[in-house]
1. Which shape class applies to region 25-118: rounded if a/c is under 1.5, otherwise prolate when a/b exceeds b/c and oblate if not, where a ≥ b ≥ c are the square roots of the Cα gyration tensor eigenvalues?
2. Can you report the principal axis dimensions of region 1-77 using only the alpha carbons, biggest first, rounded to whole angstrom?
3. Ignoring the sites themselves, what is the longest stretch of the chain with no GluC sites (Glu not before Pro) in a DSSP loop and at most 14 other beta-carbon atoms within 10 Å?
4. How many percent of all Cα-Cα pairs in region 149-251 sit more than 25 Å apart?
5. Given the C-alpha centroids of region 174-236 and region 1-42, what is the distance between them in whole angstrom?
6. Assigning unit charges at the beta carbon (Lys, Arg +1; Asp, Glu -1) and nothing else, what dipole magnitude in debye, to the nearest 20, does region 38-149 show about its Cα centre?
7. List the aspartates and glutamates whose alpha-carbon lies under 14 Å from that of K111, not counting same-chain residues fewer than 8 positions away?
8. State to the nearest 20 debye the size of the charge dipole of the chain about its Cα centre, where the only charges are +1 on K and R beta carbons and -1 on D and E beta carbons.
Amino acid sequence: MLNKLKNNKVPKHIAIIMDGNGRWAKKQGMARIFGHRNALTAVREAVIGASEIGTEAITLYAFSTENWSRPKIEVDALMNLLTKSLKKEVPDFQKNGVKVNAIGRLNDLPKRAQQTLKEVIDVTKNNTKIILTFSLSYGSREEITSCIKKIAEKVKNSTLSINDIDEEIVQQNLYTYNLPDVDLMIRTSGEQRLSNYLLWQMAYAELYFTDILWPDFRREDLYKAVETYQNRERRFGKTSEQLDGEHEQIT
Ligand code: FPP
């Protein structure tokens with residue numbers, strides 16, 4: 001599968017909604033957290049797979065602002081899992097050139113998780129192969145609201161004039177200021193929704209939905225999604241003929 005992919009059309013930024021852990025566990029008569037624990041292989045496979053094809057950034061929806069309303073036992077277990085596995089993965093992050101990043105209301109996380117996250121971000125900061133962003137206590141509407149507040153503050157203290165507010169300024173004030181726009185969004189488990197994820201950043205993303213439950217996701221599944229992406233025509237509002245013209249001018 002890997003050799004079927006085109007080198008010149010690699011998505012720069014892949015975002016994944018890792019869905020279906022609970023259903024995966026339930027199918028085996030186990031508690032939901034069993035699904036989350038078995039999701040880590042899929043996380044590793046997706047990151048290594050994306051890095052192998054030359055993707056610059058992969059962003060994972062690990063915990064949404066809405067996930068806080070899940071039973072406390074599940075929330076606590078997810079936070080523990082995150083803290084423990086982040087620490088454990090550091091040698092592999094270093095070996096594979098993975099720079100860890102995080103977006104969301106990070107101050108909402110338990111202190112221990114915040115501390116671990118800070119340490120892992122710091123120790124991996126010079127890695128250059130791929131940026132791995134965990135979305136934690138993340139919601140796109142919250143991100144946009146916080147972006148508006150940051151911009152309003154700059155206008156209020158006269159470091160920014162209203163006439164200078166453009167899309168670039170908005171982009172620079174989002175949590176993802178250091179990431180390219182999302183090219184490909186993958187959601188597992190058969191649900192076909194965006195669930196308040198990276199709404200600004202996905203304005204032109206190709207969307208790919210698969211029935212695979214997240215714990216079963218492997219790099220071959222990522223390549224399949226990328227192959228589908230490569231066979232789609234991204235027009236960014238233009239016509240096919242215009243794109244053909246641009247292509248002829250380039251080649
Ligand atoms: C969605 O499945 C998954 C989550 C809310 C949590 C995602 C977390 C992980 C993949 C593990 C986290 C660890 C790291 C290091 C990233 P669901 O629980 O909504 O499943 P369901 O829709 O079948 O109930």
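1. Details: a/c = 1.88, a/b = 1.31, b/c = 1.44.
Since a/c reaches 1.5 but b/c is at least a/b, the shape of region 25-118 is classed as oblate.
2. On the principal axes, region 1-77 reaches 45, 28, 14 Å in Cα extent.
3. That gives 1-190 as the longest site-free run.
4. On the way: 2299 of 5253 pairs.
Tail of the P(r) past 25 Å holds 44 percent of the pairs.
5. 12 Å
6. On the way: 16 positive and 13 negative charges, 66 e Å.
Once rounded to the nearest 20, the dipole reads 320 debye.
7. Output for K111: D76, E119.
8. Details: 37 positive and 33 negative charges, 236 e Å.
For this selection, approximately 1140 debye.
Where a number appears in this text, it was derived from the coordinates with a stated rule and is not lab data. As the structure is a prediction and not an experimental result, all values here were calculated from the model. Note: ideal-geometry Cβ built from the backbone for every residue, glycine included; neighbour counts use all protein chains shown.
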